[in-house]
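Below: the structure, in structure tokens.
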Amino acid sequence: MALTSPSLLSSHSAPLTRHHRRHPLLPAKLKPITAIHSADPTKSTQSTAASTGSSSISTKWSLDGWKSKKALQLPEYPDPNDLDSVLQTLSTFPPIVFAGEARSLEEKLGQAALGNAFLLQGGDCAESFKEFNANNIRDTFRVLLQMGVVLMFGGQMPIIKVGRMAGQFAKPRSDPFEEKNGVKLPSYRGDNINGDSFDEKARIPDPHRMIRAYCQSAATLNLLRAFATGGYAAMQRVTQWNLDFTEHSEQGDRYRELAHRVDEAMGFMAAAGLTVGHPIMTTTEFWTSHECLLLPYEQALTREDSTTGLYYDCSAHMIWVGERTRQLDGAHVEFLRGVANPLGIKVSDKMDPSELVRLIEILNPQNKPGRITVIVRMGAENMRVKLPHLIRAVRRAGQIVTWVSDPMHGNTIKAPCGLKTRSFDAIRAEVRAFFDVHDQEGSYSGGVHLEMTGQNVTECVGGSRTITYNDLSSRYHTHCDPRLNASQSLELAFIIAERLRKRRLASRYPLSSN
């Protein structure tokens, strides 16, 4: 189960084969540790020697093979020796997640690909060192729990909860430099790389920030494990999850009404003699994810699984490749094709259908369900025009993927005050377009990917509480892109739940739905 305490850990050296070379940053006497888990090894069939059917992509894979490829969006560290020292230290640290947990998530995502589950993936645009505290982690986790209940009630199906948490620090930049008042400095790339203060010292990439990012990720995951399994996520507490600032809102009222219905159903179960103390009612499964961007960090936390011999990136359960780094012959794709984690591919309206098919082929040559999640981000209008061609191309190739909507990144605008924002109406329109296209194509809307927070921020305009451009500056806390607050996130969850309910009823009563 995800986010449960692992069994006894041990370590041994990874065997050196022509496909699996020793970590290049470790001295000969230092042996890399491996990820140990109690999962059934027979459930994993992923191979690191992916046969792609093309001479341009080597079938051999090694942990540091990405270094021979062109790597975009990576910082230039001023002291290579200092960088090597930090990476060597990281490579001796314990894994943050475990291989068995990643395999379990892959199985769940495989169900979402077939329309039997739904992915809810959400969290910060970019985690920060300054806002790291237990309350912020708890509040975001709590909103995801609430959204999960809303979606599960509407869809009557399992909801796979995955946080953009415990590792989502690095951010790609459209411009490597930022200029203010005639002063030009390197762009802020995330707290695990450099600082957001606009001064020369802060903007110098510092490899020691990776150590702090590791420690914060491990601490965040430790707290999430406690919340998920220690009683906080128990379904009996469904009425207690409301955040204070949603107490007197329309979404808060709607959630309370639903929570009371769930509470009554549980009372009925208890009265009928059905157990409500079962672990499935008192705990929840929760996984973590982030963009695979800072490759030296990801390599340093990659471990060989002692049970299967496969490599897992143990910095998160799921990792994804972004729009700016998904080149077929690029370093990021080369690294990702050799790790066995479930992978995401961010896709915009710029993606050519044949290129998507080729990319999926490279990353999932065995066509394993749950291995690939295609996260679509292109705006409502482009969604209706472009997405059908992508779906048809993937279907013609016989590829199994989980289709997920990211309605955030295609809808970023600049407010009159100069702040970046997103319109809730545009976000809602893209989600509706996503469901409409899949309904028309006979494919499955497998999930949603959101930048959101449990904090009472004013970063996205609109929603039932009507945040305006004038409100943005009052509680605009993001270090990067604007996020939905708890009320807006819940409102969107109710909208999605209604679409899931309609899909469920249409499949149950196909004649009456025509």
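The values are calculated or read from the model by the stated rules, or taken from the named source; none is laboratory data. Please read these numbers as outputs of a predicted model, since none were measured by experiment. Please note: Cβ atoms are built from the backbone with ideal geometry, for glycine as well, and neighbour counts cover all protein chains shown. The area values use the complete protein model at the heavy-atom level, side chains included, leaving out ligands, DNA and RNA. Shrake-Rupley method; radii C 1.70, N 1.55, O 1.52, S 1.80 Å.
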ask   = For E250 and D439 in one chain, what is 0.36 nm times their gap in residues minus the Cα-Cα distance, to one decimal in nm?
value = 65.1 nm
request  = Please give the residues of region 371-409, grouped as numeric ranges, whose backbone N is less than 19 Å from a label point set 7 Å along the Cα-to-Cβ vector of L72.
outcome  = 374-379, 409
Of all accessible heavy-atom area on region 340-443, the percent that carbon and sulfur account for (1.4 Å) = 46 percent
message = On a full-extension model of 0.36 nm per residue, what is the gain between E323 and I413, subtracting their alpha-carbon distance, rounded to one decimal in nm?
response = 30.6 nm
key: Residue pairs, from the table K180/K350; K180/K386; K171/K502; K184/K386, whose Cα atoms sit over 32 Å apart   = K180/K386; K171/K502; K184/K386
query = Ranked highest first by the average count of other Cβ atoms within 10 Å around their residues, in what order do 281-293, 473-485 fall?
reply = 281-293, 473-485
remark   = Between the modelled labels at R212 and E264 (7 Å from Cα along Cα→Cβ) the distance in nm is 5.2 nm
request  = Anything in the chain that counts as a DSSP H helix reaching 18 Å or more along its axis (C-alpha) with Kyte-Doolittle mean of at least 0.5? List them, would you?
outcome  = 134-155
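Highest mean first, what order results for 179-185, 490-496 on Cβ atoms within 10 Å?
Going from most to least packed, we get 490-496, 179-185.
Dividing the convex hull volume of the alpha carbon atoms of the chain by its residue count, what do you get in Å³ per residue?
Cα-based convex hull of the chain, divided per residue, equals 153 Å³.
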inquiry  = Between E200 and K502, what's the calculated FRET efficiency when r is the beta-carbon distance and R0 is 51 Å? Round to 0.05.
reply    = 0.40
note = By accessible area (1.4 Å), largest first, D191, D436, D79 order as D79, D436, D191
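If each residue of separation counts as 0.36 nm, what is the full-extension length gain between N222 and Y469 once their alpha-carbon separation is subtracted?
85.2 nm
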